[in-house]
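Report on one structure; see the data block that follows.
The values are calculated or read from the model by the stated rules, or taken from the named source; none is laboratory data. In this text the structure is predicted, and so the values were computed from the model without any measurement. Backbone-built Cβ (ideal geometry, glycine too); neighbour counts: all protein chains shown. Note: accessible area is taken over every heavy atom of the protein model, side chains too, but ligands, DNA and RNA are not part of it. Shrake-Rupley method; radii C 1.70, N 1.55, O 1.52, S 1.80 Å.
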Amino acid sequence: MTDTRVLVVEDEVAIRDMLVFNLGRAGYEVLPVGSGQEARVSIADHYPDVVLMDWMLPDVSGLELTRQLKRNPETREIPVIMLTARVGEDDRVAGLEGGADDYITKPFSSRELLARIKAVLRRGPLVEEEILTAEGLKLDAASHRVSVGESEIVLGPTEYRLLYFFMRHRDRVYSRAQLLDRIWGGAVYVEERTVDVHIRRLRKALTRYGYDKLVQTVRGVGYRFSSREA
Ligand code: CA
């Protein structure tokens with residue numbers, strides 16, 4: 001078994017069921033949906049590891065939806081494999097230019113599909129070389145360093161993960177439960193209060209440079225990372 005979540009966006013029930021069956025048997029956690037709208041909801045709620053995207057959907061083209069996902073900093077790292085009955089070279093180019101990470105033409109074998117999924121997951125996220133900045137605060141994901149100018153800010157591993165998550169998801173409010181799910185991996189034995197403890201530590205580490213104000217408390221909801229005034 002793996003913890004890998006595969007979102008299947010396919011309106012044809014027979015194909016969707018076949019994908020659910022084969023992916024489930026291969027040990028994947030499968031999230032099946034039949035429209036672009038359902039796909040958006042599922043992505044926001046479950047943040048899948050990979051998306052299998054049918055080209056022709058009832059409400060939006062898979063190509064357009066892929067473009068939207070790749071434009072959004074929150075979802076652009078999720079690999080997308082386009083599924084299509086189209087075979088033309090132009091379509092292949094359009095699919096890849098639209099941001100799809102790979103492309104598979106129907107009909108395909110389960111074996112081929114599983115190999116493609118493994119391949120895009122192996123590539124890993126693009127974030128390895130990512131450098132995130134906010135108001136002069138710099139996070140270098142490749143070296144796991146956080147700095148301001150020449151000065152390094154030393155963070156514990158959880159504070160680093162929190163900051164990394166926040167810097168990649170700015171101006172958005174997360175509840176403690178959501179942060180637990182994203183940063184602690186939904187470990188059920190961790191109490192929500194734990195989040196507050198690590199937020200305090202993160203703020204403390206950032207205080208010297210005045211960056212603690214970036215980590216904002218949203219009363220009754222949770223936390224937000226923003227360079228705008230709270
Ligand atoms: Ca379709």
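What is the angle, in °, between the Cα long axis of helix 62-71 and the longest principal axis of the Cα atoms in the chain? Nearest 10 is fine, range 0 to 90.
Rounded to the nearest ten degrees, it is 20.
With the convex hull built on the Cα atoms of the chain, state its orientation-averaged projected area in nm².
14.1
Work out the length of the dipole vector of the chain about its Cα centre, built from +1 on the beta-carbon of each Lys and Arg and -1 on the beta-carbon of each Asp and Glu, and round it to the nearest 20 debye.
Using only the charged Cβ atoms, the result is roughly 860 debye.
Any idea which of MET53, LEU137, LEU63 is furthest toward the positive side of the dipole for the chain, if Lys and Arg beta-carbons carry +1 and Asp and Glu beta-carbons -1?
Value: LEU137.
Per-residue HN-Hα couplings for region 164-180, Karplus 6.51 cos²θ - 1.76 cosθ + 1.60 at θ = phi - 60°, whole Hz, x for Gly and Pro?
Values, residue by residue: 4, 4, 4, 5, 8, 9, 6, 6, 10, 8, 10, 6, 4, 4, 5, 5, 4 Hz.
Could you order the peptides 221-229, 3-11 from most to least packed, using the average number of other C-beta atoms within 10 Å per residue?
Ranking, from highest mean packing down: 3-11, 221-229.
Could you work out the pair-distance distribution P(r) of region 5-123 from its alpha-carbon pairs, with 5 angstrom bin width and percents rounded to whole numbers?
In whole percents, the pair-distance histogram is 2, 12, 25, 28, 21, 10, 1.
Taking amide H positions as placed in the peptide plane 1.01 Å from N, state which residues far from ILE153 in sequence (5 or more) or on other chains have amide H under 5 Å from it.
It is VAL146, SER147, VAL148, by chain and number.
Roughly how much of ILE131 is accessible, in Å² to the nearest 10, using a 1.4 Å probe?
90
For a quick check: with amide H placed at 1.01 Å from N, whose amide H comes under 5 Å from VAL30's, ignoring anything fewer than 5 positions away on the same chain?
VAL6
Show the residues, 5+ positions off or on another chain, whose built amide H is closer than 5 Å to the amide H of MET56.
It is GLY62, by chain and number.
Using only the alpha-carbon atoms, how far is helix 36-46 inclined from the longest principal axis of the chain? Give it as 0 to 90 degrees, nearest 10.
40
³J(HN,Hα) across region 197-207 via Karplus (A = 6.51, B = -1.76, C = 1.60, θ = phi - 60°), whole Hz, x for Gly/Pro?
Per-residue couplings from phi come out as 4, 6, 4, 4, 5, 4, 4, 4, 5, 8, 4 Hz.
Which ³J(HN,Hα) values in Hz, rounded to whole numbers, follow from the phi angles of region 145-155 under the Karplus curve 6.51 cos²θ - 1.76 cosθ + 1.60, where θ = phi - 60° and Gly and Pro get x?
With coefficients 6.51, -1.76 and 1.60, one gets 10, 10, 8, 10, x, 8, 8, 8, 9, 8, 10 Hz.
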